[in-house]
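Please treat every number below as a calculation from the coordinates, not as lab data. As the structure is a computational prediction, the values presented were derived from the model and not from experiment. Cβ atoms come from the backbone with ideal geometry, glycine included; neighbour counts cover every protein chain shown.
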Amino acid sequence: MWLDGEKLRLEDLAVAAALRLIGGRVFLIGQGVEQNASDLVINLPPIFTKWQFLIDIIPVQIAAECLSRLRGVDCDAFRHCPYIVELAGGLTV
């Protein structure tokens with residue numbers, strides 16, 4: 001679960017605690033998260049609230065890279081769209 005620095009943080013922590021009570025394993029990502037708040041915690045560096053989206057994606061990108069390596073897949077290759085749009089109104093193949 002991603003914990004926002006301000007919005008619904010206490011509610012999200014309550015959901016994480018409830019999930020753990022019923023046997024769930026919880027992974028929390030956020031700023032200033034206590035290590036005992038879940039089974040796994042990634043604490044992100046402090047950043048202005050309006051810029052948080054810049055660092056929120058980093059753990060998912062790292063996980064995608066690790067999973068692609070485990071599967072032997074090139075995560076940088078275009079699998080479903082083998083072309084790149086470089087100009088408005090045209091395709092470069």
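Quick one: net charge of VAL33's neighbours, Cβ under 11 Å, K/R +1, D/E -1?
Numbers: positive: ARG9; negative: ASP12, GLU34.
Net charge in that neighbourhood comes out at -1.
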Set Lys and Arg Cβ to +1 and Asp and Glu Cβ to -1, take the dipole of the chain about its Cα centre, and tell me which of GLY30, PHE53, ALA16 lies farthest positive.
ALA16
In degrees, nearest ten, helix 9-21 long axis to first principal axis of the chain (Cα):
80
Going by alpha carbons, how many degrees (0 to 90, nearest 10) lie between the helix axis of 58-71 and the longest principal axis of the chain?
60
Let's see if you can work this out: charge +1 on each Lys and Arg Cβ, -1 on each Asp and Glu Cβ, no other charges. What is the dipole magnitude of the chain about its Cα centre, in debye to the nearest 20?
180
Against the 2.2 N^0.38 Å scaling, with N counting residues, where does the chain land? I'd like the Cα-based Rg ratio to two decimal places.
1.48
Residue-span extension gain [PHE48 to ALA77] - 0.36 nm each, minus C-alpha spacing
7.1 nm
